[in-house]
Every structure is written in structure tokens, then in C-alpha cells.
Amino acid sequence: MAADIPAFPKIETPPSLKEMAFGTIKSSILNHNLQPGGVYSEQAIAKELGISKTPVHNALVDLEARGFVKLFPRKGFQVNALKEKDVEDMFEYRHALECAVILHVTPELTDEEIADLESMTAQAAATRDRILFLKFDRGFHRYLTEKTENTYIINALEHIWDLCDWVGGEIFHLGNRPEEAVAEHMAVIEKLKARDVDRAKEAMREHLEITELRFHQLIDLKESSH
């Protein structure tokens, strides 16, 4: 008789070449290694990454759909600059959906799930690496969204997380924004712990408003320096 099979941890599907190219190019844009307004060759990027042009092109198609780049047939691609109107529209969108998320999940979150949110926030507070901070910051919002188990809300917000990273990356070095954002997340968590729907929604609304305000302050600083 065959022996019982022990429990094995699930093996995560490794990222595809397209996903790896997407992440690398996006990080290069967030870090300003690829400059807004700069025009770059798909072939040169593929050579630098050591992969074929096809996954790079497919990654760029996705990045174009998210507003990061503009593709030019047979010429390459140009890195876009964040536009104030796009950011304003995005935050209007986030306000509606993320406040709906709070209404949905506040009565349902378990103590263990709130502890997960606290852990992500603590990890964000402990790092000074911009990309890693954005990973934990996005993780906080995505975790709450996924707890709704509402496919429409999850898919709607999934489409803009990369744009949220872009905004977050731009304002990362503005004042003490990382510490400020961590404090705002903790304020949301405290209201979730109390199962106070109205105050949790208000804390999330305030967090989003401050984030948008910091972006506009950054634009003002850039304009005043010219």
C-alpha cells in the first residue's frame, strides 16, 4: 500500500518573460532610468534584458494601455509624463471604489486579516527602498479589495494599480511622504479594528485626498523651479 503523501507547499507559477519585461520596464520608468519624453528602441531594451523582442513588445502594449508609454510602429516607444487631469480622474475613480471596499469589508474582516494589514504596513515603514515601499503600499489596498470577493470591484481597481504606483513613486521623496502614508494606513487599520464603518471610510477618504494633494504640490514645485 502506498504511503500517504505529505502536504507540500504550493508551487507558484513563475512569471512569464512578458511579465518580467513589464515589471522591469515599469520599474525603470518609476526610477527615472527611462526618462519622460525619451524615445527608446524595443530592440535595444530586448537586447539589454537578454530576451527576444516579442515579450518586450507585448509588455509595452500593456504599459501603453496603462498610460506609461506611447508606441510608435517601427520607431520604438516614448515614456509619457504623468498628467494632472489623468491623476485627478484616477483619484475620483479610487474614491468611489475604495470607499465601497471599506463599506464591504469592515464588518467582515477577521483579527488575523487585520494583523496581515498591520504586517504589510510595518514592512512599508521599515524600508527606504522606493519600489519595495510601493509594493507594500499597493499590497495594503489590494488586500482590502480582494477581501470583498467582488470580481467587478477587484478587476476595476486592478486596472489602475500600476498608475497608483507611478503617482506614489513620484511623490515618494516629497517631504516625509512614506512616514505620512504609513500613519494614514494605520489610521484606517485602527478604525477597521473598531469595526467603525463610517470612520474607516473617512480615514480612507482622507488618505486618498492627501495623496492627491501631495501630487499637486509636487507639480507646483516643478513649475516654480522653471
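The values are calculated or read from the model by the stated rules, or taken from the named source; none is laboratory data. Small disclaimer: the values here were computed from a predicted structure and weren't measured. No Cβ is skipped: glycine too gets one built from the backbone with ideal geometry, and neighbour counts run over all protein chains shown.
Give the stretch 126-154 a look and list any residue that's aromatic (Phe, Trp, Tyr) and within 18 Å of Gly23 (Cβ to Cβ), or say none.
Phe133, Phe136
Taking the stated definitions as given, is Trp166 touching a residue at least 24 places away in the same chain (Cβ under 8 Å), under 18 Å from Glu88 (Cβ atoms) and out of contact with any Asp or Glu (no Cβ under 9 Å at 6 or more places or on another chain)?
Yes.
Could you figure out which of (1) under 22 Å from the mean Cα position of the chain (by Cα); (2) over 30 Å from His185 (Cα atoms) isn't true of Ser41?
(1)
Write out, first by first residue and then by second, each pair whose Cβ atoms fall under 7 Å of each other, whose residues are 6+ apart or on separate chains, and whose first residue, in the stretch 134-148, is closer than 17 Å to Glu184 by Cβ while the second is at pLDDT below 95 and of a type in the set (Phe, Trp, Tyr).
Matching pairs, first to second residue: Arg138/Trp161; Arg142/Trp161.
Take Ile45 and decide whether it is free of Cβ contacts under 8 Å to residues at least 40 places away in the same chain, of a type in the set (Val, Ile, Thr), surrounded by 15 or more Cβ atoms within 10 Å (Cβ to Cβ) and under 18 Å from Asp162 (Cβ atoms). Quick ask: steps written out before the conclusion?
On the way: free of Cβ contacts under 8 Å to residues at least 40 places away in the same chain: yes; of a type in the set (Val, Ile, Thr): yes; surrounded by 15 or more Cβ atoms within 10 Å (Cβ to Cβ): yes; under 18 Å from Asp162 (Cβ atoms): yes.
Taking the combined requirement at face value, the residue satisfies it.
Under 7 Å by Cβ, and 6 or more places apart or on different chains, what pairs join a residue from the stretch 195-209 that is free of Cβ contacts under 8 Å to residues at least 40 places away in the same chain with one that is part of a helix (DSSP H, G or I) and of a type in the set (Gly, Ala, Ser)?
The qualifying pairs are Ala203/Ala187.
Please verify whether Ala81 is more than 23 Å from the chain's Cα centre (by Cα) and either surrounded by fewer than 16 Cβ atoms within 10 Å (Cβ to Cβ) or assigned by TED's automatic domain parsing to the domain that holds Gly168 (or both), treating the condition exactly as stated.
no
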